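To start, the structure under review is shown below, and the notes come after it.
The values are calculated or read from the model by the stated rules, or taken from the named source; none is laboratory data. Quick caveat: nothing in here was measured; it's all calculated off a predicted structure. Here the Cβ positions follow ideal geometry from the backbone for every residue, glycine too, while neighbour counts run over all protein chains shown. Areas reflect the complete protein model, heavy atoms only, side chains present, ligands, DNA and RNA absent. Shrake-Rupley method; radii C 1.70, N 1.55, O 1.52, S 1.80 Å.
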Amino acid sequence: MVDKKISFNIEKSFMTNNSDIILGVDEAGRGCLVGPVVAGCVWINQEKFPSELLARINDSKKISEKNREDIYKHLCELDDDVFMFEYDAVSAGVIDEINILQASLLAMKNAYQKLLPRLKNKPVMTLVDGNKAPLITPCHTVVSGDAISFSIAAASIVAKVNKDHLLNEIGKKFPEFQFEKNKGYGTKAHIEALKKYGPTPYHRLSYAPVKEYIK
């Protein structure tokens, strides 16, 4: 059942007619110790988007992995006149170089720029989760946006699923870290593997828990 707080109210507040394009942007993976930070940028046609699928859209953190994967599968099947998305991943190396906040904002901007050429019209507004704005004009930051905006919530699912997919691929190269289970977060098993094997080439070396085990 849809969280009653989630709606298109914020989107509609920036629209003057139904053809106006409002985008939603969110990121996933800021707290991971390994792998890229990933941002998703989406456009939802509010008139055509399937109501049964809309009812399943929520903050990605509130949805099980199985449901996220299923929702994402259905999102990928929608026609471009109903739903469009792009995502971007910024690597651990860049995170170490410019810091996680700037890397997150960069991923958001890149995802936005990837989607822009596919749109029929320039967006009248881009809604960004959080309180920090990437270099997108015009944009509007929304604290806890993934809990109140369908566009941002859908972007959070796109970002989270693709971040997890990338971690799963890294995990195939380093099965001892169990990335398919911890998704890069600092679980007890992950820290124990760091202690035993040291960081992989995909770890964020600027993160304190990783720094400790650099050999």
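For residue 52 and residue 20, the difference between the fully extended length at 0.36 nm per residue and the C-alpha to C-alpha distance is 9.2 nm.
Backbone N atoms of segment 21-39 closer than 20 Å to the 7 Å Cα→Cβ label point of residue 188 belong to residues 33.
In the list (i) 55, 32, 26; (ii) 63, 48, 29; (iii) 59, 33, 28, the label attached to Cα extents along the principal axes in Å as derived from the coordinates here is (iii).
Nonpolar atom fraction for the chain, defined as the carbon and sulfur part of the 1.4 Å probe accessible area, stands at 53 percent.
Taking 28 Å as the cut-off for C-alpha to C-alpha distance, list the pairs among 66/196; 120/172; 160/215; 114/163; 163/188 that go past it. Before the final figure, lay out each step's value.
On the way: 66/196 31 Å; 120/172 40 Å; 160/215 31 Å; 114/163 17 Å; 163/188 21 Å.
Table pairs above 28 Å Cα-Cα are 66/196; 120/172; 160/215.
Pull up the cross-link candidates among the aspartates and glutamates for residue 181, meaning alpha carbon to alpha carbon under 16 Å and not fewer than 8 places away within one chain. Here the aspartates and glutamates satisfying the reach criterion relative to residue 181 are 65, 69, 164, 169, 192. Take the chain with all the other protein chains still there, run a 1.4 Å probe, and you get 49 Å² of accessible area per residue.
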